[in-house]
């Protein structure tokens, strides 16, 4: 028996060394995104690249029956699947909500948007809130055909329309995504509606199913037509941009303090050289600065990259898009990857005038074009950003599959036992990781030569968590509840 174990360990060692030499271990980190057009049917595609934006691979081309023209971003939920929406296609040609398995490349349509009953034509992205449920918005549909706010329960596969946007009272035509702020409430923007019909900033309380309009955009004084999403920065304030309005009608950069319900215009986008007409969202990089892109302006009037210094309230243009060389008209947002670089896309420009994917180093302010979209590999990404995923981050399995361990008791007080149904943990080192509903790793350990293992995470807050087990051949996860 000892000889068999020694041979097995040797084989595993050779296997790991082989992976390291081939670089496959590093291939677990990948960038994923969608384009509005392109792919086999020129109706949009879902693609991935390696961790630095190279080696693109189209993994799915959208088709009319199950949704076309995705105009938002993907999210990876805590079950490991990718979720998103399309603006058109599906049974009613009003768009769909879908999930995609990044391991098996299986696409599943979950919901057909149908208009008045559940919304139509989503232009944004989903959010997984702290309750584990997906929340999103559609630009149109609902009772007033001005859009809806909805939720989708992953556990029960249930869709619920929560709010009908109504125009002056709470906004109309929401775009972008909701965010969950540190107060637990959801915040979002509409690009029309409100008292001046220039858009609104609103707050949604999950517990009471209540939406409250918090601010009306008015044009010159505060900007109008916000296209993107909000960002909560480290100072607790929400930051965003409007497409037009402000002193020069080129849009504004603003913040909103949810603690005091105070709106502050920070900058008027003021001329072509500095960038104008932003159509995306901001991110806060690890260096503390906010970064964004403008759709137009810059030296070639094709958009620019900028940063905002929170402490100095200072705006700095960092890069100019110019068309064929490095892309033009970015219609989305950045993502900062684990390598520290920021990645983004432009809606047009590049060699084929179909947009580009690029890398931007915030330390050196260095821009590198990584690929040109060609229609075959995608075209014209809009309202979108890339995401970085690790396909080993969560165990992904269909409901018909059974994990090779059980958790008891469940629910529990934070102390529980894992019992394995086969002998693999007794032969190999196996990793146990626990994640919260936001996908944050809260606990990690390695077990060896154990058929049962006792875990103590009683210091963690009460709530829902996911236990991931992984060895050389298996990768499963189970939900637990700490009461």
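The values are calculated or read from the model by the stated rules, or taken from the named source; none is laboratory data. In this text the structure is predicted, and so the values were computed from the model without any measurement. So basically every Cβ, Gly included, is an ideal-geometry build from the backbone, and we count neighbours across all protein chains shown.
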Item to check | segment 112-144, subset over 21 Å from the mean Cα position of the chain (by Cα) and either over 16 Å from residue 88 (Cβ atoms) or not assigned by TED's automatic domain parsing to the domain that holds residue 178 (or both), residue surrounded by the most Cβ atoms within 10 Å (Cβ to Cβ) | outcome: 142
Item to check | Condition check for residue 101: assigned by TED's automatic domain parsing to the domain that holds residue 198 and more than 25 Å from residue 344 (Cβ to Cβ) | outcome: yes
Checklist entry - Based on what the data block shows, is residue 147 over 15 Å from the mean Cα position of the chain (by Cα), in the same structural domain as residue 77 (by TED's automatic domain parsing) and within 18 Å of residue 230 (Cβ to Cβ)? => result yes
Checklist entry - Of the numbered conditions (1) over 22 Å from residue 345 (Cβ atoms); (2) under 18 Å from the mean Cα position of the chain (by Cα), residue 85 satisfies every one except a single condition; which is it? => result (1)
Checklist entry - Going by the conditions given, is residue 358 under 22 Å from residue 45 (Cα atoms), assigned to a strand (DSSP E or B) and either touching a strand residue (DSSP E or B) at 6+ places or on another chain (Cβ under 6 Å) or modelled with pLDDT of 95 or more (or both)? => result yes
Checklist outcome for this item: If you go through 316, 286, the only one that is assigned to a strand (DSSP E or B), at pLDDT 95 or above and surrounded by fewer than 17 Cβ atoms within 10 Å (Cβ to Cβ) is 316
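Here is a yes/no grid of residues against (1) under 29 Å from residue 128 (Cβ atoms); (2) in a strand (DSSP E or B); (3) assigned by TED's automatic domain parsing to the domain that holds residue 148:
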| residue | (1), (2), (3) |
| --- | --- |
| 177 | yes, no, yes |
| 182 | yes, no, yes |
| 202 | yes, yes, yes |
| 212 | yes, yes, yes |
| 221 | no, no, yes |
| 229 | yes, no, yes |
| 239 | yes, yes, yes |
| 254 | yes, yes, yes |
| 265 | no, yes, yes |
Checklist outcome for this item: Only unsatisfied item for residue 71, checking (1) farther than 25 Å from residue 146 by Cα; (2) at pLDDT below 95, is (1)
Next on the checklist: Anything in segment 327-340 that is under 17 Å from the mean Cα position of the chain (by Cα) and either crowded, with 22+ Cβ neighbours inside 10 Å or outside any strand (DSSP E or B) (or both)? List them, or say none.
Outcome noted: 331, 332, 333, 334, 337, 338
Next on the checklist: Yes or no: segment 450-467 includes at least one residue that is touching a helix residue (DSSP H, G or I) at 6+ places or on another chain (Cβ under 8 Å) and modelled with pLDDT under 80.
Outcome noted: yes
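Residues are listed down the side, and each one gets a yes or a no for (1) in contact with a strand residue (DSSP E or B) (Cβ under 7 Å, 6 or more places away or on another chain); (2) surrounded by fewer than 16 Cβ atoms within 10 Å (Cβ to Cβ); (3) at pLDDT below 65:
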{"residue": "412", "(1), (2), (3)": "yes, no, no"}
{"residue": "417", "(1), (2), (3)": "yes, yes, no"}
{"residue": "422", "(1), (2), (3)": "no, yes, yes"}
{"residue": "425", "(1), (2), (3)": "yes, no, yes"}
{"residue": "433", "(1), (2), (3)": "yes, no, no"}
{"residue": "438", "(1), (2), (3)": "no, yes, yes"}
{"residue": "445", "(1), (2), (3)": "yes, yes, no"}
Checklist outcome for this item: Going through segment 269-280 in order, the residues found to be over 15 Å from residue 347 (Cβ atoms) and either at pLDDT 95 or above or crowded, with 22+ Cβ neighbours inside 10 Å (or both) are 269, 275, 276
Checklist outcome for this item: Counted residues in segment 226-251 being within 17 Å of residue 176 (Cα to Cα) and at pLDDT 95 or above come to 13
Next on the checklist: Testing residue 302 on (1) closer than 21 Å to residue 384 by Cα; (2) part of a loop (DSSP other than H, G, I, E, B); (3) under 22 Å from the mean Cα position of the chain (by Cα), one condition comes back false. Which one is that?
Outcome noted: (3)
Item to check | Test set (1) touching a strand residue (DSSP E or B) at 6+ places or on another chain (Cβ under 7 Å); (2) within 17 Å of residue 304 (Cβ to Cβ) - residue 243 fails condition number | outcome: (1)
Item to check | Checklist (1) surrounded by fewer than 22 Cβ atoms within 10 Å (Cβ to Cβ); (2) without any contact (Cβ under 8 Å) to a residue 40 or more places away in the chain applied to residue 246, failing item | outcome: (1)
Item to check | Among (1) under 29 Å from residue 195 (Cβ atoms); (2) over 25 Å from the mean Cα position of the chain (by Cα) - the single one residue 322 does not satisfy | outcome: (1)
Checklist entry - Quick one: is residue 95 farther than 30 Å from residue 482 by Cα and touching a helix residue (DSSP H, G or I) at 6+ places or on another chain (Cβ under 6 Å)? => result no
Checklist entry - Exactly one of (1) at pLDDT 95 or above; (2) exposed (fewer than 13 other Cβ atoms within 10 Å of the Cβ) is unmet by residue 373. Its number? => result (2)
Checklist outcome for this item: When restricted to 161, 109, the only residue modelled with pLDDT of 95 or more, in contact with a helix residue (DSSP H, G or I) (Cβ under 8 Å, 6 or more places away or on another chain) and either surrounded by fewer than 19 Cβ atoms within 10 Å (Cβ to Cβ) or under 19 Å from residue 238 (Cα atoms) (or both) is 109
